[in-house]
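Each remark here refers to the structure printed beneath this line.
Coordinate-derived values only; no laboratory data. Here the structure is a predicted model, which is why all the values come from computation and not from measurement. Using ideal geometry, Cβ is built from the backbone for each residue, glycine included, and neighbour counts are taken over all protein chains shown.
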């Protein structure tokens with residue numbers, strides 16, 4: 001069963017509002033909408049006319065935000081042998097982590113840990129694969145919560161981006177390549193949500209897989225907590241330059257593909 005989308009239409013609006021640092025009052029002047037209608041939309045009351053009016057000044061694709069509000073966008077299920085998604089609770093949300101393995105050599109790696117990596121460790125044992133490395137997309141607590149236990153239980157070597165260091169993990173500059181058995185892993189800098197967020201692109205499975213952390217979600221993206229402009233820019237340059245069939249494995253919500261996000265993600269109307 002597919003996971004629910006991470007963001008509703010008003011979450012998307014809110015991230016764009018914060019990214020552009022626009023106040024509801026400014027949006028009222030730009031759109032002619034009443035302050036009451038704008039606040040109502042930002043609080044989750046869906047009105048197609050209001051959403052379409054707000055989308056333009058916020059750099060969003062109107063029809064894609066509307067699809068979120070109407071519930072008509074449902075990501076197509078995706079998967080590939082050698083990839084498994086795990087979803088664990090953290091405070092009032094859920095966070096993803098991934099087990100990736102080379103089916104030939106049985107070498108495996110974990111991408112982020114979520115709040116409880118026990119399921120991944122058990123799955124690796126059941127599959128007969130060896131967890132030898134841990135790759136961290138960024139340092140936010142929900143993504144690294146169980147790192148110490150993973151290292152203790154598996155003896156795996158952990159890696160984190162140098163711009164976003166994590167205690168207990170070695171660091172690297174984005175652009176470095178790694179291997180998981182016969183699989184090749186390239187690292188791409190996709191920052192803006194975090195100081196040095198990285199997307200790992202795994203080559204060698206039947207389909208390429210991009211583990212993108214909070215850079216991009218199905219139908220949304222992580223908020224630009226450090227730099228909204230750079231979050232948008234690096235997503236365009238480093239994720240949307242990948243082949244359409246590339247599976248996107250995000251830090252929250254369901255998996256998707258690059259091709260699907262070209263036509264469904266509200267934050268990138270020009271793609």
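Tabulated data for the structure shown
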| item | result |
| --- | --- |
| Helical contribution to [θ] at 222 nm, DSSP H n ≥ 4, -39,500 (n - 2.57), averaged over the chain, rounded to 500 | -8000 deg cm²/dmol |
| Exposure proxy order (Cβ contacts within 10 Å, fewest to most) of 199, 137 | 199, 137 |
| Gain on full stretching of the segment that runs from residue 35 to residue 203 - 0.36 nm per residue minus C-alpha separation | 55.6 nm |
| Inter-probe distance in nm under a simple model that places probes 7 Å from Cα toward Cβ, at residue 47 and residue 87 | 3.2 nm |
| Label-point separation, residue 105 to residue 21 (7 Å along Cα→Cβ), nm | 4.7 nm |
| Label-point separation, residue 237 to residue 153 (7 Å along Cα→Cβ), nm | 3.8 nm |
| Theoretical gain in end-to-end length, residue 72 to residue 3 [0.36 nm per residue, Cα-Cα removed] | 23.3 nm |
